[in-house]
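The values are calculated or read from the model by the stated rules, or taken from the named source; none is laboratory data. The model shown is predicted, which means the values in this text are computed figures rather than measured ones. Methodologically, a virtual Cβ is constructed for each residue, glycine included, from the backbone with ideal geometry; neighbour enumeration extends over all protein chains shown.
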Protein chains: 2
Amino acid sequence: MLYGKPVAEALDARTRAQVEELAVQGVAPTLAIIRVGEDPSDMTYERSVVKRAASLGMVTACYDLPELATTREVSTIIDDVNANPDIHGCLLFRPLPEHMDEGFLCDRLVPEKDVDGIGHKSLTGVFTGAHHGFPPATARACVELLDHYDIAIEGAHATVVGRSLVIGLPVAQLLLHRHATITQCHSRTADLARHMKAADIVICASGRARAYGADHFRDDRAQVVLDVGINFDAAGTLCGDVDLDAVEPQVRAITPVPRGIGSVTTSVILMHTAQAAARFSS
Amino acid sequence: MLYGKPVAEALDARTRAQVEELAVQGVAPTLAIIRVGEDPSDMTYERSVVKRAASLGMVTACYDLPELATTREVSTIIDDVNANPDIHGCLLFRPLPEHMDEGFLCDRLVPEKDVDGIGHKSLTGVFTGAHHGFPPATARACVELLDHYDIAIEGAHATVVGRSLVIGLPVAQLLLHRHATITQCHSRTADLARHMKAADIVICASGRARAYGADHFRDDRAQVVLDVGINFDAAGTLCGDVDLDAVEPQVRAITPVPRGIGSVTTSVILMHTAQAAARFSS
């Protein structure tokens, strides 16, 4: 079972060391968090980020806006974040309320502070290999988890199920840059199970609760499965895209949900923020 | 045999109709061509573009610079092209001489006039599906050829060999937007033949002369092969990435080199230029 916690701890140790180096230079890596509305899971997550940042010696600045805030109000805050030399990274909770122009706001943030890779410029960096901006944190979390558990990426065949800009497309590109062979599947893929069974590494990022079971994987205990889904089943229980109980016995390794990839994402956002601060101060 | 000429003719007919519509509005779609140095194949190609454009009622403006021109000189021309409302598209011959900053110059061109998809903003459009700029012409040519010959893209499994920003990556993304399942292979892919044999459509864009032979394809006459390679063999003969004579008998259809995809690319550049003019004048 590929738990996220040891990966997060290893990343946090690296980040803490970088924060300490920056402290010598008088720089305190600072993350702005912009939340619109009072979604309970956003609020829980915000508290956990603030707490984790503090434990690493980092600063957070929380901008909490009412549900009825305007695009212009959020835009003004992003402009302030862009202009403020003491803020190095920015996390914008999404989805934003429907009345807002989310695409416009994502692109408003400068790529140097876009630690969750939400803007087009950051995504371009992911696709072209150019090093401006940062990749989406969950995509990077998948790569960090594979590296942590010494799962070879170069030369491996990775099938990615899902093609969203948040995770499916960028994680495929990150693995491609690391010289994996990539198969990108999606809701209109014919014979999905064939593509999933063919791979060494399968990344499930389609957001369909427990949609992939024993029939979607080989039973030779050779495949590595990363489950990026965060879904709630009919009973309201948090679960991934994979039917964990059914699949775990037949594969080499699998990330659970919860306690898998999700636990790594926060560490990646904080790592990116420290890196942004280091780039800024150098 | 999937010849390019009928595809080019069909595209040209559509472009000619659009040019005639624009003429009514007093707009003459105009393509700037920037060539540095006197590479004979660039010069031959430039003449063919100028002639084809004229045959469609379009205007070309050729900027020919000496091999020793500076990045700044080319940049100034691109700035003029960007600012000139009578120029709608721009083709920049590459590779540029080594002393030039090619990446900088590609990004200098505004995406609205980037009819060969060389800038990062154009590539971002390809990846995100946003409709600013244009995809690289050869990538679009592959899709146009498949459509012309009624080869289904949605639901098909396409293996792309090669991951360059010029063709391999963008053609995979264009097919993905059309709901194909994509496998992206490259020089470090293990068991390349397996991935090629598994596909309904194989696009070879690795630039290796006749590298893929009978062993790389199934022999059930079911696969469609697009050969994007433009190589010269040891004897100096123009050839593709595929060993055409060996592979043709065992597949459903294949593009030859020459007279395949290459013949379509010029038509796509002119089509993009007419589209750019139409967007500009609307």
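Would you pick out the residues in the range A:1-37 that are over 27 Å from A:Ala253 (Cα atoms), part of a loop (DSSP other than H, G, I, E, B) and in contact with a strand residue (DSSP E or B) (Cβ under 8 Å, 6 or more places away or on another chain)?
A:Ala28, A:Pro29, A:Gly37 - these are the residues of the range A:1-37 that are over 27 Å from A:Ala253 (Cα atoms), part of a loop (DSSP other than H, G, I, E, B) and in contact with a strand residue (DSSP E or B) (Cβ under 8 Å, 6 or more places away or on another chain).
If you go through the range B:139-170 one residue at a time, how many are more than 12 Å from chain A (Cβ to nearest Cβ), part of a helix (DSSP H, G or I) and touching a Pro at 6+ places or on another chain (Cβ under 8 Å)? First the steps, then the outcome.
Going through the range B:139-170, the residues more than 12 Å from chain A (Cβ to nearest Cβ) turn out to be B:139-151, B:167.
Filter once more, keeping what is part of a helix (DSSP H, G or I): B:139-148.
Still in the list and also touching a Pro at 6+ places or on another chain (Cβ under 8 Å): B:139, B:148.
Residues in the range B:139-170 being more than 12 Å from chain A (Cβ to nearest Cβ), part of a helix (DSSP H, G or I) and touching a Pro at 6+ places or on another chain (Cβ under 8 Å): 2 in total.
Can you tell me which residue in the range B:105-130 is nearest to the other protein chains (Cβ to nearest Cβ), limited to those that are among the polar types (S, T, N, Q) and farther than 25 Å from B:Ser263 by Cβ?
Residues of the range B:105-130 among the polar types (S, T, N, Q): B:122, B:124, B:128.
Subset that is farther than 25 Å from B:Ser263 by Cβ: B:124, B:128.
Numbers: B:Thr124: 4, B:Thr128: 6 Å.
For the range B:105-130, the residue satisfying everything is B:Thr124.
Can you find even one residue in the range B:51-73 that is over 23 Å from B:Lys5 (Cα atoms), in contact with a Phe, Trp or Tyr (Cβ under 8 Å, 6 or more places away or on another chain), in a helix (DSSP H, G or I) and not assigned by TED's automatic domain parsing to the domain that holds B:Val166? If you could, list the steps in order and put the result at the bottom.
Kept after step one, since they are over 23 Å from B:Lys5 (Cα atoms), are these residues of the range B:51-73: B:61-73.
Going one step further and asking which of them are in contact with a Phe, Trp or Tyr (Cβ under 8 Å, 6 or more places away or on another chain), we end up with B:71.
Subsequent filtering for residues that are in a helix (DSSP H, G or I) retains B:71.
Narrowing the set further to residues that are not assigned by TED's automatic domain parsing to the domain that holds B:Val166 leaves B:71.
Within the range B:51-73 (the criterion being over 23 Å from B:Lys5 (Cα atoms), in contact with a Phe, Trp or Tyr (Cβ under 8 Å, 6 or more places away or on another chain), in a helix (DSSP H, G or I) and not assigned by TED's automatic domain parsing to the domain that holds B:Val166), the answer is yes, since at least one residue qualifies.
Can you name the condition, by its number, that A:His131 falls short on among (1) assigned by TED's automatic domain parsing to the domain that holds A:Phe217; (2) surrounded by fewer than 22 Cβ atoms within 10 Å (Cβ to Cβ); (3) within 19 Å of the chain's Cα centre (by Cα)?
Of everything listed in (1) assigned by TED's automatic domain parsing to the domain that holds A:Phe217; (2) surrounded by fewer than 22 Cβ atoms within 10 Å (Cβ to Cβ); (3) within 19 Å of the chain's Cα centre (by Cα), A:His131 misses just condition (1).
Against the condition over 11 Å from A:Leu174 (Cα atoms), within 12 Å of chain B (Cβ to nearest Cβ), touching a Gly at 6+ places or on another chain (Cβ under 7 Å) and outside any helix (DSSP H, G or I), how does A:Gly133 come out, does it pass?
yes
Test each condition in (1) touching a residue at least 24 places away in the same chain (Cβ under 8 Å); (2) within 10 Å of chain B (Cβ to nearest Cβ) for A:Cys204 and report the one that comes out false.
(2)
Working only within the range A:232-269, note down all residues that are buried (at least 16 other Cβ atoms within 10 Å of the Cβ), polar (S, T, N, Q) and outside any helix (DSSP H, G or I).
Passing the criteria: only A:Thr255.
Go through the residues of the range B:60-75 one by one and say whether even a single one is buried (at least 20 other Cβ atoms within 10 Å of the Cβ), within 14 Å of chain A (Cβ to nearest Cβ) and free of Cβ contacts under 8 Å to residues at least 60 places away in the same chain.
The answer is no, given that none of the residues of the range B:60-75 is buried (at least 20 other Cβ atoms within 10 Å of the Cβ), within 14 Å of chain A (Cβ to nearest Cβ) and free of Cβ contacts under 8 Å to residues at least 60 places away in the same chain.
When the residues of the range B:185-201 are filtered to those that are of a type outside the set (A, V, I, L, M, F, W, C) and outside any loop (DSSP other than H, G, I, E, B), which remaining residue is nearest to the other protein chains (Cβ to nearest Cβ)? Spell out how you get there, then give the answer.
Start the filter on the range B:185-201 by keeping residues that are of a type outside the set (A, V, I, L, M, F, W, C), which leaves B:186-189, B:191, B:194-195, B:197, B:200.
Retained after the next criterion (residues that are outside any loop (DSSP other than H, G, I, E, B)): B:194-195, B:197.
Working: B:Arg194: 8, B:His195: 6, B:Lys197: 12 Å.
The extreme case among them is B:His195.
Name the single residue, out of those in the range A:207-231 being touching a residue at least 40 places away in the same chain (Cβ under 8 Å) and part of a loop (DSSP other than H, G, I, E, B), that is surrounded by the most Cβ atoms within 10 Å (Cβ to Cβ).
Restricting attention to the range A:207-231, the residues satisfying the condition of being touching a residue at least 40 places away in the same chain (Cβ under 8 Å) are A:207, A:212, A:224, A:226, A:228.
Then keep just the ones that are part of a loop (DSSP other than H, G, I, E, B); that gives A:207, A:228.
On the way: A:Gly207: 17, A:Val228: 30.
Here the answer is A:Val228.
Among the listed residues A:Arg221, A:Arg178, A:Arg259, A:Arg252, identify the single one that is at pLDDT 95 or above, closer than 30 Å to A:His131 by Cβ and among the basic types (Lys, Arg).
On the way: A:Arg221 fails: closer than 30 Å to A:His131 by Cβ; A:Arg259 fails: closer than 30 Å to A:His131 by Cβ; A:Arg252 fails: closer than 30 Å to A:His131 by Cβ.
When all the criteria are applied, what remains is A:Arg178.
If you take the residues of the range B:171-184 that are at the interface with chain A (Cβ under 7 Å from one of its Cβ atoms) and either polar (S, T, N, Q) or in contact with a strand residue (DSSP E or B) (Cβ under 8 Å, 6 or more places away or on another chain) (or both), which of them is surrounded by the fewest Cβ atoms within 10 Å (Cβ to Cβ)? Outline the logic, then answer.
In the first step, residues of the range B:171-184 are kept if they are at the interface with chain A (Cβ under 7 Å from one of its Cβ atoms); the result is B:176, B:179, B:181-184.
Add one more test, that the residue is either polar (S, T, N, Q) or in contact with a strand residue (DSSP E or B) (Cβ under 8 Å, 6 or more places away or on another chain) (or both), and what stays is B:176, B:181-184.
Details: B:Leu176: 23, B:Thr181: 27, B:Ile182: 27, B:Thr183: 28, B:Gln184: 27.
So the residue we want is B:Leu176.
Can you report the number of residues in the range B:74-102 which are part of a helix (DSSP H, G or I) and either not assigned by TED's automatic domain parsing to the domain that holds B:Asp42 or not hydroxyl-bearing (Ser, Thr, Tyr) (or both)? Before the answer, list the steps.
Within the range B:74-102, the subset part of a helix (DSSP H, G or I) is B:74-83, B:102.
Still in the running and either not assigned by TED's automatic domain parsing to the domain that holds B:Asp42 or not hydroxyl-bearing (Ser, Thr, Tyr) (or both): B:74, B:77-83, B:102.
Final tally of qualifying residues: 9.
Does the range A:172-183 include one or more residues that are touching an Asp or Glu at 6+ places or on another chain (Cβ under 6 Å), in a loop (DSSP other than H, G, I, E, B) and in contact (Cβ under 8 Å) with a residue 40 or more places away in the chain?
For the range A:172-183, residues touching an Asp or Glu at 6+ places or on another chain (Cβ under 6 Å), in a loop (DSSP other than H, G, I, E, B) and in contact (Cβ under 8 Å) with a residue 40 or more places away in the chain: absent.
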